[in-house]
Number of protein chains: 2
Amino acid sequence: DSANGDNVFYGEFLMNAQGEDVVAGIRTPKLIKELQAIDEDSYAQLLDIRVKLEDHYRDMMDVEFTIEEGRLFMLQCRVGKRTAIASIKIAIDMVAEKRIKPKEALLRIDPEQLNQLLRPIFDSDEKKKAIKSAKVIAKGLAAGPGAASGVVVFNAQDAVRVKNEGQDCILVRVETSPEDIKGMDASEGILTARGGMTSHAALVARQMGKVCVAGCGKLLINYKKREMRIDGREDVIVKEGDYISLDGSTGEVISGKLETIPSEVIQVLVDKTMTEDDSPNYKMFKKIMKWADKYRTLGVRTNADEPRQVEIALSFGAEGIGLTRTEHMFFGEGKISPMREMILAKTKEEREIALAKLLPLQRKDFEGIFSVMDGRPTTIRLIDPPLHEFLPHQVSEQEEMARDMNTTVDAIKARIESLHEFNPMLGFRGCRLGTIYPEITAMQARAIFEATVNVILSGKKVRPEVMVPLVGHVMELEGQDKIIRQVAREVMGETGIEFKYKVGAMIEIPRGAITAKKIAKTAEFLSFGTNDLTQTALGLSRDDSGSFLPTYVEKGIYARDPFQTIDEEGVGFLMKHAVKKARKARKKIKLGICGEHGGDPQSIEFCHRLGLNYVSCSPFGVPIARLAASQASIRDKKKK
Amino acid sequence: DSANGDNVFYGEFLMNAQGEDVVAGIRTPKLIKELQAIDEDSYAQLLDIRVKLEDHYRDMMDVEFTIEEGRLFMLQCRVGKRTAIASIKIAIDMVAEKRIKPKEALLRIDPEQLNQLLRPIFDSDEKKKAIKSAKVIAKGLAAGPGAASGVVVFNAQDAVRVKNEGQDCILVRVETSPEDIKGMDASEGILTARGGMTSHAALVARQMGKVCVAGCGKLLINYKKREMRIDGREDVIVKEGDYISLDGSTGEVISGKLETIPSEVIQVLVDKTMTEDDSPNYKMFKKIMKWADKYRTLGVRTNADEPRQVEIALSFGAEGIGLTRTEHMFFGEGKISPMREMILAKTKEEREIALAKLLPLQRKDFEGIFSVMDGRPTTIRLIDPPLHEFLPHQVSEQEEMARDMNTTVDAIKARIESLHEFNPMLGFRGCRLGTIYPEITAMQARAIFEATVNVILSGKKVRPEVMVPLVGHVMELEGQDKIIRQVAREVMGETGIEFKYKVGAMIEIPRGAITAKKIAKTAEFLSFGTNDLTQTALGLSRDDSGSFLPTYVEKGIYARDPFQTIDEEGVGFLMKHAVKKARKARKKIKLGICGEHGGDPQSIEFCHRLGLNYVSCSPFGVPIARLAASQASIRDKKKK
């Protein structure tokens, strides 16, 4: 801004030309010209200071100055703020100009900002039209990136109902509170009138990965009439059921429905007809990733359950799979029925009959994944969730299941009742299932190894890593390990094909971390399941924590949501202990992390410091992880 | 036994006369006389050997010998087995005879055996009658001590139903399985036809503190006809609904209902008209306790919530209260209603109105306890369970509550729904309640301190210790500590009475143990809540573990049920770490344990080794803890 009085000239400008064309609303050239016209001396002085500052900071600077009575005063000078894309562009340009090295460019990009290159966006033509026709009705804080459209609902119950009816919705509240959690989860986006970037709505939305515009003060919400108006825009009334759209990367609230499309980067990656030249963003993305891979020492894998997801992750640069959840497969077409049969089985024999039906289906799943992976390490986790999750809880579904299985609804209800748990998180799940029903482990191992053989026969390479979940006691792992190795020998014998594989443990309860030395004597790799490790180490159910955790973060009890960023003092203590002890027992043991923290930059830095071999995260997190891992390496070397 | 052939005399006898009259079925005097008559030389030899053996072992010996062709052969010699009461009597007699020292006598008594002096028993006249009239219909393994009567049910669902109808029942099964857990919990006793001392039934029964007779092979159970017969007793048919009685200390199954009465020791303690001379058992009990107190260094407190329980515990020798659960008080008469009002409150103001109603009721509770304690340290834990536990879950009760509170059933249901948690163990409970609703903490602190003042004014001493539950982060404790100290100052100011008190933390989640050093900077004491610490460290819900934990113990994955005996490798690691770190931060910090492990001898020994100041257990566990603590001290000194 400039305030040009009689003999006072006040201004603030961004100095570095590279930023100008990408930083919205910066009027630097105009301001500078204006100054030149008024005061040639001060102008020359400023240009001189500019060169010195640039030489010193090697970054885009935000300079505030005033000229009084013809004398130039420097008021303030700081590194200029910029949008995500601008920050990437500036960094790349400065490397091209040889002002900074790629290492430094990498450190200047916030990994979270990469997200903005990857999240869905509104179709730009549509958005332009919306802006033109004044459909951008308000602006709030960009509290959860991405783009979302849906019908407006004004309370959590309605959000759940609308979602169940198959419609997308946007939850609009003055502010959110713990009672709204289920509604927030059911909505595509959240819009609030009150609250900042660390308000309940903002924290929960980011945790859930929802689009969020918070603290949009111009909203006039009338819960009784189920409508909202916009202060200063008498022409707008949004009623319950009307469509609105939220741009969580800019904070814009748009009336009507806008189509969302994948980001440019994703479009290039997915659409084989597009090339790099169709997207400057993709070009930048690729350059950053190339630099990042040069510096990082930490491996980056992905958590993926289907060949399609795996393909995306590989195109993002994933080097392996850190977690394939086999249970998601059981929900696939034709698979839930034998799974339920298995659960209803009363004897080992009945169970084995049902498992025999599941075997070819699981084998096919694994074949699909192994084919895409073609020799990259692929960690497959044995069945993990409590069995009741596979049974239907609605009466109509139970009736259907009873017909299908030739049994009674009462029999199904009785089994559901007997499987009911007060705290399923801490219940009959993970390797406890395989310990009590070893035949389940045997079936899964057989599916994995038969798929291995088949894919080898198709001319590809396979590197399966079988992961035993929820290990708390070494004897649990020993029991499972024995079954898996026995099946592997059988499959090799039957097929005459030799293959290599690994057996390891998922460390997700404190006792597993505490006794890692013993566990590592049997485990060829350990992978930290930091979601559950956080739940158990902190005594904190993720699903239930919405009623108090946001307040805890607001009060600073936890600096960040421990489900987003690893709580180093608590969970990190257990990880550190486990790493130290495991390496004592088996020097070359492979150590990784497959909790959602594997995609969080701060947690990735922690994993680097711990000396893990890899992090594993969702496909869309892979680029972020690659950048964060490179930053961790660069910072680490700087220290040394 | 003696087998007296032509020239072979085979015998086995218990050597120590002190044991004879208490060891059932031993025919030593007769056997010895018989031998004397047949073979004077061998008899003399045996007497000589006896003296030498006694001198050497200083215990009752079980000697097996044979005399062939007039020559005495010693076959085997071992320390004789004995019943609980016999073991105590023998130990005391040997001290009286100066054969052993009290220290050694203490080591010879299994603390668990003391239980048999304390558990309910059948009225001995009634039992004699039952034995006479051949009502003892079968005998199995004494798998869970105590005595129980109830109607027979043959499956778990019926047990739950009968219990809900207000009747005591005995669950009879061929064997039990995880599906029977709820039925086992609903029954007074469990009787099985198959399975040993470590069968599912036996393990679960002992864990639940239920009477159990297991592996009673003569039972012929017919589930279809809902009846059982006894092999070899054609006169007996027990049908569903018939009464039977189980003596879990002897394994006897008795037809019909027998009255249970408190043990002799309890009778003397409770019945003021009885004296020591009315019970030889009590006399022995008292002597053992006196010796135990001389040697133990570990303090013994009790977990008690009501003045009546506190009185029993004090009569058993408790030196303080380690845990008073304030929430049990909320269920008392007239208290649940304002509690529910508090939970339904929509604003802080409404909540404070309800809390004001609770204040005098809580104060009265504390006055009762402080009066009985008269200056002994009294740890009071602030409210701990999730709020939904205080709301009714049956529709009829909800309707009643709606009428009482002048609100709608829907409003109550909505609040229950909003408080619903997937994993309440890990949910909105413990100090999380007081952190979000500081006014609850303030009310409880005020009730404690006003009661303190009132009891001081009545001429007694009071030593309140306010315990903050579920601390995982020091800032949680700091926040609660600040409120408590503020209220204390207020109460002192208002009443002009000065009093001393302590504020401490309950360590029951791994993060609390891990960060004990920081926590101990604020906490004046720490108490390990090992029930929850076991649940979180092992990722194991106690309520749900019945489906696999007994199998784990059978397989030896856990040597003992970790909810009975502290898992030293996992939970113990965290405790050890916490003790070390806490003492670093505050040298004189008082450290205790108030989980149920505080009554388990093996865990008590572990606590002694850890250097805790006290253990706290149920009133009936206090004598066991005193003995176990003395043994730990004696063994410890032996080692040094």
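The values are calculated or read from the model by the stated rules, or taken from the named source; none is laboratory data. The structure displayed is predicted, hence computed values, not measured ones. We place every Cβ from the backbone using ideal geometry, glycine too, and count neighbours over all the protein chains shown. We work out accessible area using only protein heavy atoms, side chains counted, and drop any ligands, DNA or RNA first. Shrake-Rupley method; radii C 1.70, N 1.55, O 1.52, S 1.80 Å.
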So which residues in region A:382-421 are out of contact with any strand residue (DSSP E or B) (no Cβ under 8 Å at 6 or more places or on another chain) and in a loop (DSSP other than H, G, I, E, B), if there are any at all?
-> A:383, A:385, A:386, A:391, A:392, A:393, A:394, A:406, A:407, A:408, A:420, A:421
First in region B:119-136 and part of a helix (DSSP H, G or I), second anywhere and acidic (Asp, Glu), Cβ under 9 Å, 6 or more apart = B:126/B:259; B:127/B:247; B:127/B:252; B:130/B:252; B:131/B:252
Boolean, residue B:113 is at pLDDT 75 or above, farther than 24 Å from residue B:627 by Cα and not hydroxyl-bearing (Ser, Thr, Tyr) | no
All positions within region B:570-623 that are aromatic (Phe, Trp, Tyr) and touching a strand residue (DSSP E or B) at 6+ places or on another chain (Cβ under 9 Å) = B:614
Of the residues in region B:185-207 that are free of Cβ contacts under 8 Å to residues at least 40 places away in the same chain and in contact with an Asp or Glu (Cβ under 6 Å, 6 or more places away or on another chain), the one that is nearest to residue B:618 (Cα to Cα) is B:195
Out of curiosity, is residue A:386 within 12 Å of chain B (Cβ to nearest Cβ) and surrounded by fewer than 18 Cβ atoms within 10 Å (Cβ to Cβ)?
-> no
Considering only residues that are open to solvent by less than 10 Å² (accessible area, probe 1.4 Å) and facing chain A (nearest Cβ under 7 Å), look in region B:523-543 and name the one that is modelled with the lowest pLDDT.
-> B:541
Give region A:244-271 a look and list any residue that's under 16 Å from residue A:134 (Cβ atoms) and either without any contact (Cβ under 8 Å) to a residue 12 or more places away in the chain or not β-branched (Val, Ile, Thr) (or both), or say none.
-> A:245, A:247, A:252, A:255, A:256, A:258
What is the residue count in region B:357-375 for residues that are of a type in the set (Lys, Arg) and in contact with a helix residue (DSSP H, G or I) (Cβ under 7 Å, 6 or more places away or on another chain)?
-> 2
Is one or more of the residues making up region A:322-343 at pLDDT 90 or above, of a type in the set (Asp, Glu) and over 28 Å from residue A:595 (Cα atoms)?
-> yes
Within region A:159-184, track down each residue that is surrounded by fewer than 22 Cβ atoms within 10 Å (Cβ to Cβ), more than 14 Å from chain B (Cβ to nearest Cβ) and in contact (Cβ under 8 Å) with a residue 40 or more places away in the chain.
-> A:174
Tell me, please, whether a residue that is away from every other protein chain (no Cβ under 14 Å), in a helix (DSSP H, G or I), open to solvent by 10 Å² or more (accessible area, probe 1.4 Å) and among the hydroxyl-bearing types (Ser, Thr, Tyr) can be found in region A:478-497.
-> yes
Within region B:430-448, can one find any residue that is within 19 Å of residue B:331 (Cα to Cα), away from chain A (no Cβ under 14 Å) and open to solvent by 10 Å² or more (accessible area, probe 1.4 Å)?
-> yes
Does residue A:471 qualify as being of a type in the set (A, V, I, L, M, F, W, C), open to solvent by less than 10 Å² (accessible area, probe 1.4 Å) and more than 9 Å from every other protein chain (Cβ to nearest Cβ)?
-> yes
Could you list, in sequence order, the residues of region A:79-105 that are assigned to a loop (DSSP other than H, G, I, E, B) and either open to solvent by 60 Å² or more (accessible area, probe 1.4 Å) or modelled with pLDDT of 85 or more (or both)?
-> A:81, A:83, A:97, A:98, A:99, A:100, A:101
Determine whether residue B:145 is open to solvent by 20 Å² or more (accessible area, probe 1.4 Å), at pLDDT below 85 and within 30 Å of residue B:565 (Cβ to Cβ).
-> yes
Scan A:640, A:584 and give me the residue that is surrounded by fewer than 24 Cβ atoms within 10 Å (Cβ to Cβ), within 18 Å of residue A:104 (Cα to Cα) and among the charged types (D, E, K, R).
-> A:640
Selection over region B:547-576 where residues are surrounded by fewer than 24 Cβ atoms within 10 Å (Cβ to Cβ), touching a residue at least 24 places away in the same chain (Cβ under 8 Å) and at the interface with another protein chain (Cβ under 9 Å from one of its Cβ atoms) yields a count of 3
Could you tell me which residue of region A:172-194 is nearest to residue A:146 (Cα to Cα), considering only residues that are modelled with pLDDT of 90 or more and assigned to a loop (DSSP other than H, G, I, E, B)?
-> A:188
Selected residue (only one of A:234, A:240, A:259 is surrounded by 16 or more Cβ atoms within 10 Å (Cβ to Cβ) and of a type in the set (D, E, K, R)) | A:240
From (1) out of contact with any Gly (no Cβ under 9 Å at 6 or more places or on another chain); (2) within 22 Å of residue B:379 (Cα to Cα); (3) in contact (Cβ under 8 Å) with a residue 24 or more places away in the chain; (4) open to solvent by 20 Å² or more (accessible area, probe 1.4 Å), pick out the condition that doesn't hold for residue B:597.
-> (4)
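Per-residue answers, yes or no, for (1) surrounded by 20 or more Cβ atoms within 10 Å (Cβ to Cβ); (2) within 14 Å of chain A (Cβ to nearest Cβ); (3) under 26 Å from the mean Cα position of the chain (by Cα); (4) touching a residue at least 40 places away in the same chain (Cβ under 8 Å):
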position	(1), (2), (3), (4)
B:375	no, no, yes, yes
B:378	yes, no, yes, yes
B:420	no, yes, no, no
B:426	yes, yes, yes, yes
If we scan region B:282-300, do we find a residue that is without any contact (Cβ under 8 Å) to a residue 60 or more places away in the chain and either surrounded by 20 or more Cβ atoms within 10 Å (Cβ to Cβ) or at positive phi (or both)?
-> yes
So which residues in region A:389-408 are of a type in the set (A, V, I, L, M) and either within 20 Å of residue A:335 (Cα to Cα) or open to solvent by less than 10 Å² (accessible area, probe 1.4 Å) (or both)?
-> A:391, A:401, A:402, A:405
Residue check for residue A:461: away from every other protein chain (no Cβ under 14 Å) and open to solvent by 40 Å² or more (accessible area, probe 1.4 Å) = yes
Among the residues of region B:129-139, is there at least one that is among the charged types (D, E, K, R) and open to solvent by less than 70 Å² (accessible area, probe 1.4 Å)?
-> no
Taking region A:498-512 and the residues there that are surrounded by 17 or more Cβ atoms within 10 Å (Cβ to Cβ) and not aliphatic (A, V, I, L, M), the one that is nearest to residue A:326 (Cα to Cα) would be A:504
